[in-house]
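Read the structure below first, then the notes.
The values are calculated or read from the model by the stated rules, or taken from the named source; none is laboratory data. Keep in mind that what you see is a predicted model, and the values were worked out from it rather than measured. Ideal geometry is used to build each Cβ from the backbone, glycine not excepted, and the neighbour counts take in all protein chains shown.
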């Protein structure tokens with residue numbers, strides 16, 4: 001080990017850590033040599049405290065991502081539980097009903113490998129709204145667009161896609177930034193591309209909580225949470241009414257994440273097994289099953 005330590009110079013150690021900070025060694029397919037390099041750094045006598053802490057974090061991350069990759073994959077459907085309790089739209093998923101819901105994990109298309117930036121999604125429904133909750137871990141939270149129906153997908157954004165009736169081919173998409181800027185569109189059969197963004201979801205409610213500093217690239221943020229309430233009456237493709245228990249829609253949740261720490265500067269992810277890098281590829285969306293089972 002001493003011989004290897006001498007060979008593994010101070011500059012080499014710093015190069016390995018720099019790769020980690022850029023995100024190059026945080027993928028489950030990190031090479032065996034890279035993992036060995038981390039071990040050597042961990043055992044080097046002249047480590048600084050910051051180097052040791054970085055390596056501990058990296059080792060845990062490599063292990064957790066590898067386990068995630070080995071034991072999870074996108075589901076085919078999601079059971080949306082009914083709630084009779086009040087969901088306060090305040091940007092915090094702290095009601096007991098949220099704790100009862102199944103968690104949707106996200107994956108990177110087209111091969112569904114785990115993302116570098118973790119995201120969790122949750123859904124609930126009652127007779128007035130479809131509720132969507134997100135937790136999006138993010139080292140660098142970005143959002144500057146303020147006008148509705150701006151090009152929100154060019155910065156950090158969380159997205160909801162809903163198709164009430166696959167036979168009709170009409171679907172809705174909602175894209176919401178960390179500062180609450182909304183793009184909402186009505187898409188599909190018979191709707192011209194230039195008309196898709198003209199639809200606004202009347203009564204849409206959104207709140208966000210940011211755990212970090214917005215638009216500040218020289219520090220590390222934690223995550224942002226989002227709660228959305230989509231009113232049934234605004235969705236004409238479903239007749240403007242709440243679904244019945246047992247009804248099945250098509251849907252997926254998605255994310256654009258932009259960060260200086262990401263390879264290439266951005267990452268796209270979805271809860272669906274998308275075979276193309278396109279969030280509008282509804283053939284691969286999940287089945288959304290409305291359940292009468294309560295989450296209270």
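Criterion first (farther than 21 Å from residue 156 by Cα, surrounded by 17 or more Cβ atoms within 10 Å (Cβ to Cβ) and in the same structural domain as residue 129 (by TED's automatic domain parsing)) does residue 235 satisfy it? Yes: the conditions hold for residue 235. Applying the criterion of at least 3 residues that are over 20 Å from residue 282 (Cα atoms) and in the same structural domain as residue 105 (by TED's automatic domain parsing) to the strands (runs of 3 or more DSSP E) found wholly in segment 130-231 leaves 205-211, 223-231.
If you go through segment 245-279 and keep only what is in a loop (DSSP other than H, G, I, E, B) and closer than 14 Å to residue 110 by Cβ, you end up with 272, 273, 274, 275, 276, 277, 278, 279. The residues of segment 58-76 that are exposed (fewer than 12 other Cβ atoms within 10 Å of the Cβ) and either at pLDDT 85 or above or under 20 Å from residue 293 (Cα atoms) (or both) amount to a single one, 76.
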